[in-house]
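Peer 1: Take this structure first; my questions come after.
The values are calculated or read from the model by the stated rules, or taken from the named source; none is laboratory data. Predicted model, so just to flag it, every value in this text is computed and none were measured. Backbone-built Cβ (ideal geometry, glycine too); neighbour counts: all protein chains shown. Accessible surface is based on the protein model in full, side chains and every heavy atom, while ligands, DNA and RNA are left aside. Shrake-Rupley method; radii C 1.70, N 1.55, O 1.52, S 1.80 Å.
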Amino acid sequence: IRENDNNNKEYCNCEIAEQLQISEDINNMTDKKNGREYLGYVLEKLKERITEISLSLVEGQKEIEGMHEYYWENYTEMDQYGYENYDNQQALFRQISANEEQLILKQRFRRMADSPFFGRVDFIYEGEDEPEIFYIGIGNFAEKAGHIPLVYDWRAPVSGLFYDYDKGPASYEAPMGEIHGEVASKWQYKIRGGKMIYEFESDVKIDDEILKAELGSNGEVQLKNIIRTIQKEQNAIIRNTKDRIMVIQGAAGSGKTSVALHRIAYLLYHDRQNLKSSNILILSPNGVFSDYISNVLPELGEETVPETSMEQILSGVLEHKYKYQTYFGLVNELLEKPSSSLINRIAYKASFGFISELDKFILHIENTYFKAADVKLTKYITIPAPFIEEQYLRFNRYPIRRRFDAMADYMLDMLKIQYTFTVTTTGRNLLKKEIRLMFAGNNDIQVYKDFFKWTNNPGMFKMRKGHTLEYSDLAPLAYLHLALEGNGNQPFRVKHLLIDEMQDYSPIQYKVIQKLFPCRKTVLGDAGQSVNPYGSSTAETIQKSLTASEIMKLCKSYRSTFEITDFAQKIHPNAELEPVARHGEKPQILQFGSAVEELSGIMGLISTYRKSGYKSLGIICKTEQQARKMADMLKSYANDI
């Protein structure tokens with residue numbers, strides 16, 4: 001079976017003879033070439049599978065209850081070595097795990113019952129005459145576990161034919177190697193509530209009119225999955241497993257966020273043996289992303305993944321010892337009352353020159369901050385300073401603050417071997433304490449202040465009221481801490497890091513991230529959408545910070561109409577932007593003589609919106625303070641602001 005995927009429980013471990021019989025059964029069933037008839041057949045089989053799983057879940061629950069009952073009834077009679085108890089526990093865990101898998105499968109099949117498939121590829125294998133037909137949906141579905149799928153997962157290798165090729169020569173990468181042939185035809189379907197809304201044969205990959213209709217849909221507020229309309233350049237990013245670090249520069253509305261989430265779903269499918277949803281971490285500056293994840297990933301047949309922020313990570317490195325300005329607070333300050341000195345501090349700490357100076361200072365700390373001195377362990381035994389200095393250099397592969405305990409243990413071991421003298425626990429602790437005091441860099445804040453004095457830039461560090469750090473100091477302080485302390489709590493379980501809004505992070509922040517997460521990464525954003533232009537990054541600066549990264553660009557904008565894009569281009573030009581030819585009303589600029597007139601004008605727009613078919617209206621202000629003031633004024637006229 002060319003498409004067989006040994007990792008997929010839906011269609012593996014079958015005998016060849018059985019597969020051939022199933023293939024014959026499928027050829028004899030309801031016309032596979034007729035989308036409407038095939039939909040009815042698939043829905044019927046889905047219903048049967050859901051019923052089977054429901055019965056299996058009931059039986060499984062009875063088994064679990066029976067095991068619990070048996071355990072408590074026979075608890076006192078269990079064998080003295082606990083073998084029977086262990087066997088019972090293992091059987092219980094297996095049954096619970098089987099029930100959980102069945103429940104996940106049932107939920108996926110229920111989602112599929114709404115729209116079992118959205119595409120179809122008729123593919124003629126090289127050397128054959130008749131096409132093989134593949135229907136594509138959100139997940140694999142077969143009549144029985146182990147049978148050939150009636151519907152293939154959009155992430156399966158063969159599904160790449162739907163996204164990457166028009167009619168004509170084509171190929172896809174299967175477990176056995178590259179498969180060549182020809183796409184005879186492709187179909188697109190829209191199915192909702194198990195009903196066929198439309199079907200048509202497509203000469204191109206994704207029909208432009210359908211794409212425009214999907215983009216122009218005003219029925220849902222939430223972002224949607226894009227598997228029905230994935231474009232070729234988006235598909236190349238989603239299915240890329242070659243590059244260890246991908247930096248995706250995407251113009252506004254290019255679908256980069258959607259592509260990143262679909263990439264996660266693809267990677268989880270592609271490497272099920274080694275990658276779980278708990279192994280992926282999303283780094284995002286706001287809560288919008290988490291809403292999107294909770295909505296989209298389950299639709300794609302995957303569990304949601306953990307999410308964090310840069311502030312949480314950096315504060316965690318510093319053991320949550322310090323109060324700090326939030327990124328939101330910084331942006332607000334830059335919008336409302338920026339000072340030239342603040343801007344200079346931010347820009348300086350976002351430069352590569354700053355990182356270079358920090359690295360030189362760390363070397364300076366290593367060479368000058370440790371001053372060895374004699375340590376009197378007992379009335380008769382003193383450890384001389386030169387010997388302590390020698391051990392400090394011996395353990396130079398350790399971060400500085402991690403050396404002290406290792407030095408003490410080594411010296412006391414030498415005492416025991418050479419002089420058969422064993423030091424008490426009190427003596428051991430005394431030596432460690434004395435060695436630690438020989439180092440002048442045990443306080444992070446003091447060391448950080450020293451750095452600015454060392455560079456003759458003391459004005460570049462300013463502590464806010466209440467001993468609060470500026471946001472731009474959080475990453476450099478964490479960088480210093482990691483250099484001195486090491487990363488003892490490195491989160492090894494994170495195997496893939498996804499960074500959203502890449503432009504909002506500075507090079508020093510990327511350096512910290514690289515130390516903490518030396519794993520594969522997908523980094524996405526748009527340099528043109530920075531809200532902190534003094535401390536932001538471009539794809540090129542990120543590539544410089546994260547070595548061995550590959551930049552990929554998404555230039556086509558799907559979000560806005562041609563008229564909106566044209567309007568925006570006059571304010572903030574982007575020469576690489578390619579708007580989709582989807583037309584709408586021209587944006588208007590309305591001017592008012594007073595705040596009262598402005599409020600009346602906005603109420604008029606709200607009234608127009610209420611009579612329209614749209615589900616949401618956004619009123620955007622420059623600052624949070626302005627937004628709160630506007631909301632309060634509008635609440636006098638409307639109760640749903």
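Peer 1: Looking at this structure, is T547 polar (S, T, N, Q) and open to solvent by 70 Å² or more (accessible area, probe 1.4 Å)?
Peer 2: It is true that T547 is polar (S, T, N, Q) and open to solvent by 70 Å² or more (accessible area, probe 1.4 Å).
Peer 1: Among the β-branched types (V, I, T) and open to solvent by 90 Å² or more (accessible area, probe 1.4 Å) - does that describe any residue in region 572-588?
Peer 2: no
Peer 1: Need at least 1 residues that are within 18 Å of Q312 (Cβ to Cβ) per element, so show me which strands (runs of 3 or more DSSP E) inside region 450-559 make the cut, counting only ones lying wholly within it.
Peer 2: By residue number, 496-499, 520-525.
Peer 1: Determine which single condition Y322 fails, assuming it passes every other condition in (1) touching a helix residue (DSSP H, G or I) at 6+ places or on another chain (Cβ under 6 Å); (2) modelled with pLDDT of 85 or more.
Peer 2: Going through the list (1) touching a helix residue (DSSP H, G or I) at 6+ places or on another chain (Cβ under 6 Å); (2) modelled with pLDDT of 85 or more, Y322 breaks only (1).
Peer 1: Anything in region 48-64 that is of a type in the set (D, E, K, R) and open to solvent by 70 Å² or more (accessible area, probe 1.4 Å)? List them, or say none.
Peer 2: Result: E48, E52, E59, K62, E63.
Peer 1: Follow-up. Report every pair of residues separated by at least 6 positions or lying on different chains whose Cβ atoms are under 8 Å apart, first residue within region 508-525 and under 18 Å from I551 (Cβ atoms), second among the aliphatic types (A, V, I, L, M) and open to solvent by 10 Å² or more (accessible area, probe 1.4 Å).
Peer 2: I513/I313
Peer 1: Would you check which residues across region 589-623 are outside any loop (DSSP other than H, G, I, E, B), farther than 30 Å from G329 by Cβ and open to solvent by less than 70 Å² (accessible area, probe 1.4 Å) and list them?
Peer 2: G601, M603, G604, I606, S607, Y609
Peer 1: Could you list all residues from region 472-520 that are touching a strand residue (DSSP E or B) at 6+ places or on another chain (Cβ under 9 Å), charged (D, E, K, R) and at pLDDT 95 or above?
Peer 2: Residue satisfying the conditions is D473 alone.
Peer 1: A further question follows. Consider M630 carefully, then state whether it is closer than 30 Å to F354 by Cα and either open to solvent by 40 Å² or more (accessible area, probe 1.4 Å) or not in a loop (DSSP other than H, G, I, E, B) (or both).
Peer 2: Answer is no for this residue.
Peer 1: Go through region 397-429 and give me each residue that's more than 30 Å from K515 (Cα to Cα), open to solvent by 30 Å² or more (accessible area, probe 1.4 Å) and part of a helix (DSSP H, G or I).
Peer 2: D413, M414, K416, I417, Q418, Y419, T425, T426, R428, N429
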